[in-house]
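Asker: Just dropping this structure here.
The values are calculated or read from the model by the stated rules, or taken from the named source; none is laboratory data. Bear in mind the structure is a predicted one, so any value in this text is a computation, not a measurement. Cβ placement follows ideal geometry from the backbone for every residue including glycine, while neighbour counts extend to all protein chains displayed. Each accessible area value is taken on the protein alone, full model and side chains, heavy atoms only, with ligands, DNA and RNA left out. Shrake-Rupley method; radii C 1.70, N 1.55, O 1.52, S 1.80 Å.
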There are 2 protein chains.
Amino acid sequence: MKLASRKAGGRDGQLVVVDTALARFVPVPQIAPTLQSALDHWLEVEPRLREVSAALNADQLDGARPFDPLDCAAPLPRAYQWVDGSAYVNHVELVRKARGAQMPASFWTDPLVYQGGSDDLLGACDPACFVSEEHGIDLEAEVAVITDDVPIGVSVADAAVHIKLVMLVNDWSLRNLIPAELSKGFGFYQSKPATAYSSVAVTMDELGSAWQEGKVHLPLLSQINGAPLGHPNAGIDMTFSFPQLLAHVTRTRRLGAGAIIGSGTVSNLDRSQGSSCLAEVRMLELLAQGAPRTPFLKFGDRVRIEMLDSSGYSIFGAIDQAVTRC
Amino acid sequence: MKLASRKAGGRDGQLVVVDTALARFVPVPQIAPTLQSALDHWLEVEPRLREVSAALNADQLDGARPFDPLDCAAPLPRAYQWVDGSAYVNHVELVRKARGAQMPASFWTDPLVYQGGSDDLLGACDPACFVSEEHGIDLEAEVAVITDDVPIGVSVADAAVHIKLVMLVNDWSLRNLIPAELSKGFGFYQSKPATAYSSVAVTMDELGSAWQEGKVHLPLLSQINGAPLGHPNAGIDMTFSFPQLLAHVTRTRRLGAGAIIGSGTVSNLDRSQGSSCLAEVRMLELLAQGAPRTPFLKFGDRVRIEMLDSSGYSIFGAIDQAVTRC
């Protein structure tokens, strides 16, 4: 089942069911007005949404209309929780090197997460606006899951059942603000502007055998201005699975329905797979050539992030954003 | 005008208008079902709520019922944004000393904030549950404001108009988890469990002359098991006003309606005013006597946080919570 939120009906958009091919959609106001409302009552709502999805995919619905990602907000245009992991630890190690910081060995066993802001989540095709190019504008291509209510202290074994939907994220970062902000000791705030999400969030059955052990085993494709940046496999080198991240973030507090948990920037140790952010590219250049060559993003650049199934079809639709000045 | 959210009608509660004396309330479903909904349409909704408030305070409403804080959730039982400042910089300096860390001089001019989690906000009389006493359970008594939509890059001068409501916060902290978590570099997560809020949020006119220059000039009373912990004045030694905090947190991103911005733990340089958290008490003991004597909180303890007007009436109702095991 694939779900999206059209820009209609208010700040939280209008929940629609999209067919597997991302060709057609139907609104479902009779079931739930918004995705948050659906997640608030997922047990009762999910079977009814799946009925619509089955009928839509079987071409048995009269009211289906052509699907256009340009009409979409983020699946959750605003959320109550966005916490981002750094599950690809080799990426963390590289980025730390890039800012001259050591990575403790415990990072391989104790997940690193940061509390993100979730009051302004961008749609897949929304412009990404920034105050200044001098801030070091960078993409971070990631996978994220959406949960139902997760109790405090959930075990890794019990966490998987709370994962309801999967989507893609561009966790925009302002690299040149990060060192000074992190040195203050309280984590990211100004250096993490609004994140962007794929137009469609999908249930795990849409991923078929690619969803295994709480990871998505498919390449995550990133492009800048049409040129490939990377295609690392999100199932490879993910040190902590989504259930492991869920156990970590519920150690002392519960999660409310509609919580979004990110994987962190997808990165493979096999560097021939390319990168999911420019900071990693620049670090590899620094190591190989003594200095970074690739600049951060400029106003007017375009960033595209997508994941294809084994037949080459887009699973989530592309995040495809122009970098603009606010 | 005073507003609360009764535990009724769903996850976001039922918006009610409370009289100034906190004696009676009326639901206002004809105006807005929830406080978030009211904030989403504040321009149109506020005058209608004020009409109800005026009639309620003039004893002209037939449907008014006795107000009981025990029936209340947090004013926003879940929110899209909770960002907490550390505006009382002398407190930051003390707490840093307590964990053996230096405070940079820039902290006196560049606000420190942390991005909090907002999917689970506790009501004023809800039990505060924790996993272990070993985590070092501590209160942090604070003032917070709720905003409407705040554009990116708002100036200090333009920020004040976006502040719509004021309330009290207990920003629960797990002190013994903080050093290891902050040393990972990404800020707080596990060390900041669910925060609690006063049952009532008020418009600034309810504060009278105590609301000046974006600060609340009144003592903030904290008690543990009925014994006074402190009564520092929230208007004194607040290095950064709420408008200054707003300008800081919108430098690279906007805020959505219903964003909650905290002051950080209220603390006066005049130590005779007492403290708003145990970490500060313990640090002062360490400095004076070579070792902290006061323990952190235990299961069964009660914490009360309140602010009185010049006539001795409770403005927001008390945050009055039992510390319990999850």
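Asker: Restricting attention to region B:83-138, report how many residues are over 30 Å from B:Asp71 (Cα atoms), in contact with a Gly (Cβ under 9 Å, 6 or more places away or on another chain) and of a type in the set (D, E, K, R).
Answerer: Final tally of qualifying residues: 1.
Asker: Which residue is surrounded by the fewest Cβ atoms within 10 Å (Cβ to Cβ), if the candidates are limited to region A:171-205 and must be more than 14 Å from chain B (Cβ to nearest Cβ) and of a type outside the set (Gly, Ala, Ser)?
Answerer: Per the criteria, the residue is A:Asp205.
Asker: Something else now. Could you please find all residues in region A:152-163 being within 15 Å of A:Leu39 (Cα to Cα) and open to solvent by 40 Å² or more (accessible area, probe 1.4 Å)?
Answerer: A:Val161
Asker: Next question, about the same structure. Restricting the first residue to region A:263-283 and requiring it to be within 16 Å of A:Glu306 (Cα to Cα), which pairs with a second residue that is assigned to a helix (DSSP H, G or I) and of a type in the set (A, V, I, L, M) meet a Cβ separation below 7 Å and a spacing of at least six or different chains?
Answerer: Pairs found: A:Ser275/A:Val281.
Asker: Out of B:His135, B:His91, report the one residue that is touching a helix residue (DSSP H, G or I) at 6+ places or on another chain (Cβ under 8 Å) and within 10 Å of chain A (Cβ to nearest Cβ).
Answerer: B:His135
Asker: For residues in region B:206-224 being charged (D, E, K, R) and open to solvent by less than 50 Å² (accessible area, probe 1.4 Å), which is farthest from B:Glu142 (Cα to Cα)?
Answerer: B:Glu206
Asker: Continuing with the same structure: Can you name the condition, by its number, that A:Phe25 falls short on among (1) assigned to a strand (DSSP E or B); (2) aromatic (Phe, Trp, Tyr); (3) in contact with a Gly (Cβ under 6 Å, 6 or more places away or on another chain)?
Answerer: (3)
Asker: Using the structure shown, decide if B:Ala98 is among the aliphatic types (A, V, I, L, M) and crowded, with 24+ Cβ neighbours inside 10 Å.
Answerer: The answer is no for B:Ala98.
Asker: Within region A:212-259, track down each residue that is among the aliphatic types (A, V, I, L, M) and farther than 19 Å from A:Val281 by Cβ.
Answerer: Listed by number, the residues that qualify are A:Val216, A:Leu218, A:Met238, A:Leu245, A:Leu246, A:Ala247, A:Val249, A:Leu255, A:Ala257, A:Ala259.
Asker: If you don't mind, another one. Scan (1) touching a Ser or Thr at 6+ places or on another chain (Cβ under 7 Å); (2) under 28 Å from A:Leu245 (Cα atoms) for the single condition B:Arg175 breaks and write down its number.
Answerer: (1)
Asker: Among the residues of region A:53-94, count how many are open to solvent by 10 Å² or more (accessible area, probe 1.4 Å), among the small types (Gly, Ala, Ser) and within 21 Å of A:Asp237 (Cβ to Cβ).
Answerer: Within region A:53-94, residues that are open to solvent by 10 Å² or more (accessible area, probe 1.4 Å), among the small types (Gly, Ala, Ser) and within 21 Å of A:Asp237 (Cβ to Cβ) number 1.
Asker: A further question on this structure: Check off (1) within 12 Å of another protein chain (Cβ to nearest Cβ); (2) open to solvent by less than 50 Å² (accessible area, probe 1.4 Å); (3) over 25 Å from A:Leu94 (Cβ atoms) for A:Pro111 and give me the number that stays unchecked.
Answerer: (3)
Asker: Shifting gears a bit: Mind listing whichever residues of region A:114-151 are within 23 Å of B:Cys129 (Cβ to Cβ) and open to solvent by 10 Å² or more (accessible area, probe 1.4 Å)?
Answerer: Of all residues in region A:114-151, those within 23 Å of B:Cys129 (Cβ to Cβ) come to A:115, A:147-151.
Scanning region A:114-151 gives A:Gln115, A:Asp148, A:Asp149, A:Pro151.
Conditions (1) surrounded by fewer than 17 Cβ atoms within 10 Å (Cβ to Cβ); (2) of a type in the set (Asp, Glu), marked per residue:
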{"site": "B:Leu269", "(1), (2)": "yes, no"}
{"site": "B:Arg282", "(1), (2)": "no, no"}
{"site": "B:Glu285", "(1), (2)": "yes, yes"}
{"site": "B:Thr294", "(1), (2)": "yes, no"}
{"site": "B:Ser310", "(1), (2)": "yes, no"}
{"site": "B:Tyr313", "(1), (2)": "yes, no"}
{"site": "B:Thr324", "(1), (2)": "yes, no"}
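Asker: Can you find a residue that is of a type in the set (S, T, N, Q), touching a His at 6+ places or on another chain (Cβ under 8 Å) and either in contact (Cβ under 8 Å) with a residue 24 or more places away in the chain or within 26 Å of A:Ser86 (Cβ to Cβ) (or both) anywhere in region B:164-171?
Answerer: Scanning region B:164-171, I find no residue that is of a type in the set (S, T, N, Q), touching a His at 6+ places or on another chain (Cβ under 8 Å) and either in contact (Cβ under 8 Å) with a residue 24 or more places away in the chain or within 26 Å of A:Ser86 (Cβ to Cβ) (or both), so the answer is no.
Asker: With (1) in a loop (DSSP other than H, G, I, E, B); (2) buried (at least 18 other Cβ atoms within 10 Å of the Cβ); (3) of a type in the set (Gly, Ala, Ser) as the list, and B:Gly300 as the residue in question, which single condition is left unmet?
Answerer: (2)
Asker: Give me a count of the residues in region B:27-41 that are open to solvent by 10 Å² or more (accessible area, probe 1.4 Å), of a type outside the set (D, E, K, R) and within 22 Å of the chain's Cα centre (by Cα).
Answerer: 3
Asker: Which members of region A:256-285 meet the condition of being touching a helix residue (DSSP H, G or I) at 6+ places or on another chain (Cβ under 7 Å) and not in a loop (DSSP other than H, G, I, E, B)?
Answerer: Within region A:256-285, A:Ile261, A:Arg271, A:Ala279, A:Glu280, A:Arg282, A:Met283, A:Leu284 meet the criteria.
Asker: Something else now. Which residue out of A:Ala234, A:Ala257, A:Ala227, A:Ala247 is more than 14 Å from chain B (Cβ to nearest Cβ) and either open to solvent by 40 Å² or more (accessible area, probe 1.4 Å) or within 28 Å of B:Thr195 (Cα to Cα) (or both)?
Answerer: On the way: A:Ala234 fails: either open to solvent by 40 Å² or more (accessible area, probe 1.4 Å) or within 28 Å of B:Thr195 (Cα to Cα) (or both); A:Ala257 fails: more than 14 Å from chain B (Cβ to nearest Cβ); A:Ala247 fails: more than 14 Å from chain B (Cβ to nearest Cβ).
Going through A:Ala234, A:Ala257, A:Ala227, A:Ala247 in turn, just one is more than 14 Å from chain B (Cβ to nearest Cβ) and either open to solvent by 40 Å² or more (accessible area, probe 1.4 Å) or within 28 Å of B:Thr195 (Cα to Cα) (or both): A:Ala227.
Asker: Just checking, how many residues over region A:42-52 are within 24 Å of the chain's Cα centre (by Cα) and open to solvent by less than 40 Å² (accessible area, probe 1.4 Å)?
Answerer: Result for region A:42-52: 3.
Asker: Can you pull out the residues in region A:9-26 that are open to solvent by 30 Å² or more (accessible area, probe 1.4 Å) and without any contact (Cβ under 8 Å) to a residue 60 or more places away in the chain?
Answerer: A:Gly9, A:Gly10, A:Gln14, A:Ala23, A:Arg24 - these are the residues of region A:9-26 that are open to solvent by 30 Å² or more (accessible area, probe 1.4 Å) and without any contact (Cβ under 8 Å) to a residue 60 or more places away in the chain.
Asker: Of these, A:Asp126, A:Asp71, A:Asp120, A:Asp158, which one is without any contact (Cβ under 8 Å) to a residue 60 or more places away in the chain and either within 14 Å of chain B (Cβ to nearest Cβ) or out of contact with any Asp or Glu (no Cβ under 6 Å at 6 or more places or on another chain) (or both)?
Answerer: It is A:Asp158.
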